[in-house]
Amino acid sequence: MDFNFTSEQQQFKDALRRFIDKDYTFEHRNKIVYSEKGVSDDAWATLVELGMTALPIPEEQGGFSGSAVDMLVVMQELGRGLVVEPYFATVLGAQFLKLAGGQEALLEQVACGELKLAAALGEKQSRHELCDVATTAKADRDGYVINGAKTVVIHGAQADKLIVSARTGGEQRAEDGISLFVVPADAAGVTRRDYRTIDCQRAADIAFSNVRVPASALLGKAGAGWDILDAAADYGRALLCAEAVGAMDALNAATLEYLKTRQQFGVPIGKFQALQHRMADMFMQAEQARSMATLAAVKVSSSDAQERRRTISGAKARIGQALRFVGQQAVQLHGGMGVTNELPAAHHFKRLTMIELTLGDTDHHLGRFTAQPGFKEAA
């Protein structure tokens, strides 16, 4: 198998890196983070111009039909650059539309950058179990009425439309009975509370009070949305794994540079063998994470759902272990500076921490991995 990027993938990577290095510097990012909106319209327009929003969209809808491996390239650069724009939320939402089918008009709007999406999946009681859905959608005349609440919806307040999981039947924690809807973010009865998360991204708690949507808002079949939800969430996890690799690369590079310049006893601290050993361990952890992120990108589109779940959860768990090690060691090696907002290292560490908690933490995915059929027999 050839693990080298294609010329097209390398072009995407180089273009995105040039934009980040020139126009999305750490200082520029800080201005965006602490602005009232917390995101940049100009930066979003540049991502659109570079073709990033069109990349995962089918050619028939004006996109490039990019694979998860293509997205691996993009997400690594976004992780390296600490980009806070609503890109991940939008492409995750687009994956729901692609899997459900029949959403060509919305996908065309995503491709050209006119539509931003967010996936409203988690609830206060559900933790990492996306099948734990208390939000309800009751059939009413020619549509549905949605009631409930979703928490920590990534870029929920910046989205134009929301992908919402709601229960049309079954028990609260059952996979059967879950339906998916496309809900306009400004629909009557939708209330959004926007806030900045510890990694300087944006999230929102969203309440739905008698929100009426037409039958056309339903994605797929009523009560049979779990397979789409499960597959789309795995796609999102694969993207997060790739972003984590980019963040770890940047963190390792920043730590190495610090060890070369910080002096103690008249010499750079990087000359101390114990610190060299730590740096080597950090490098190995990042390289193992890169391998797992690549495997996740290759397998996330597998037609074998068990293979997909096993691979994605294995990758999310292993990368969760790696990002924790790299992040903690980087903070230690930076000393007190490692936790100050003046250094990008602290922001990379915070972003890695949030990636670990998004769409299931390490413990959750170890449990999901071991729960897959055949694990006990293989062990």
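Open to solvent by less than 30 Å² (accessible area, probe 1.4 Å) and either in contact with a Leu (Cβ under 9 Å, 6 or more places away or on another chain) or under 23 Å from GLY374 (Cβ atoms) (or both): which single residue out of SER291, SER313 fits that description?
The conditions single out SER313.
Condition test on ALA274, is it of a type outside the set (Ser, Thr, Tyr) and open to solvent by less than 30 Å² (accessible area, probe 1.4 Å)?
So ALA274 fails the test.
Among the residues of the range 239-253, which ones are farther than 20 Å from ALA68 by Cβ and surrounded by 18 or more Cβ atoms within 10 Å (Cβ to Cβ)?
ALA250, LEU251, ASN252, listed by residue number.
Where the second residue is among the polar types (S, T, N, Q) and outside any helix (DSSP H, G or I) and the first is more than 14 Å from LEU97 (Cβ to Cβ) and lies in the range 44-62, which pairs have Cβ atoms under 7 Å and are six or more apart or on separate chains?
Filtered contacts from the range 44-62: LEU47/THR53; GLU59/SER65.
Checking PHE3 against (1) of a type outside the set (S, T, N, Q); (2) modelled with pLDDT of 95 or more; (3) under 22 Å from VAL298 (Cβ atoms): exactly one of these is not met. Which one?
PHE3 satisfies every listed condition except (2).
Any idea how many residues of the range 84-103 are under 22 Å from LEU47 (Cβ atoms) and free of Cβ contacts under 8 Å to residues at least 60 places away in the same chain?
4
Filter the range 359-379 down to the residues that are modelled with pLDDT of 90 or more and open to solvent by 20 Å² or more (accessible area, probe 1.4 Å) and list them by number.
LEU359, ASP361, ASP363, HIS364, LEU366, GLY367, ARG368, PHE369, THR370, ALA371, listed by residue number.
Residues to consider are ARG351, ARG324, ARG318; find the one that is in a helix (DSSP H, G or I), of a type in the set (D, E, K, R), under 19 Å from GLU243 (Cα atoms) and open to solvent by 60 Å² or more (accessible area, probe 1.4 Å).
ARG324
Show the residue pairs that are 6+ apart or on different chains and have beta-carbon atoms under 7 Å apart, the first residue being within the range 12-26 and more than 21 Å from ASP41 (Cβ to Cβ) and touching a residue at least 40 places away in the same chain (Cβ under 8 Å), the second being β-branched (Val, Ile, Thr) and in a helix (DSSP H, G or I).
Matching pairs, first to second residue: PHE12/VAL73; PHE12/VAL74; LYS13/VAL73.
So ARG29 passes all but one of these: (1) among the basic types (Lys, Arg); (2) surrounded by 18 or more Cβ atoms within 10 Å (Cβ to Cβ); (3) over 22 Å from ARG196 (Cβ atoms). Which condition number does it fail?
Status for ARG29: all satisfied but (3).
Are there any pairs, at least 6 apart or on different chains, whose C-beta atoms fall under 9 Å, with the first in the range 167-190 and closer than 18 Å to ALA139 by Cβ and the second part of a loop (DSSP other than H, G, I, E, B) and of a type in the set (Ser, Thr, Tyr), and if so, which?
ARG167/THR135; GLY177/THR168; ILE178/THR168; SER179/THR168
Kindly provide the set of residues from the range 214-231 that are part of a loop (DSSP other than H, G, I, E, B), touching a strand residue (DSSP E or B) at 6+ places or on another chain (Cβ under 7 Å) and open to solvent by 10 Å² or more (accessible area, probe 1.4 Å), ordered by number.
GLY220, ALA222, GLY223
Out of everything in the range 144-160 that is surrounded by fewer than 23 Cβ atoms within 10 Å (Cβ to Cβ) and in a strand (DSSP E or B), what residue ends up being farthest from the chain's Cα centre (by Cα)?
VAL145
Filter the range 110-137 down to residues that are surrounded by fewer than 22 Cβ atoms within 10 Å (Cβ to Cβ) and more than 21 Å from THR168 (Cβ to Cβ) and give me whichever is modelled with the lowest pLDDT.
Once the filter is applied, the top-ranked residue is ARG127.
Scanning the range 161-192 for residues that are more than 24 Å from the chain's Cα centre (by Cα) and of a type in the set (A, V, I, L, M, F, W, C), which turns out most open to solvent (accessible area, probe 1.4 Å)?
Of everything passing the filter in the range 161-192, ALA188 is most open to solvent (accessible area, probe 1.4 Å).
Within the range 196-213, can one find any residue that is assigned to a helix (DSSP H, G or I) and modelled with pLDDT of 95 or more?
Checked against the condition, which is being assigned to a helix (DSSP H, G or I) and modelled with pLDDT of 95 or more, the range 196-213 yields no hits at all.
Residue pairs, Cβ under 7 Å, 6 or more apart or interchain, first in the range 138-155 and over 25 Å from ASP194 (Cβ atoms) and without any contact (Cβ under 8 Å) to a residue 12 or more places away in the chain, second assigned to a strand (DSSP E or B) and open to solvent by less than 40 Å² (accessible area, probe 1.4 Å). List them.
none
The values are calculated or read from the model by the stated rules, or taken from the named source; none is laboratory data. All figures in this text were calculated on a predicted structure; none of them were measured in a lab. Heads up, the Cβs are rebuilt from the backbone with ideal geometry, glycines too, and the neighbour counts pull from every protein chain shown. Please note that ligands, DNA and RNA were not included when accessible areas were found on the heavy atoms of the full protein model with its side chains. Shrake-Rupley method; radii C 1.70, N 1.55, O 1.52, S 1.80 Å.
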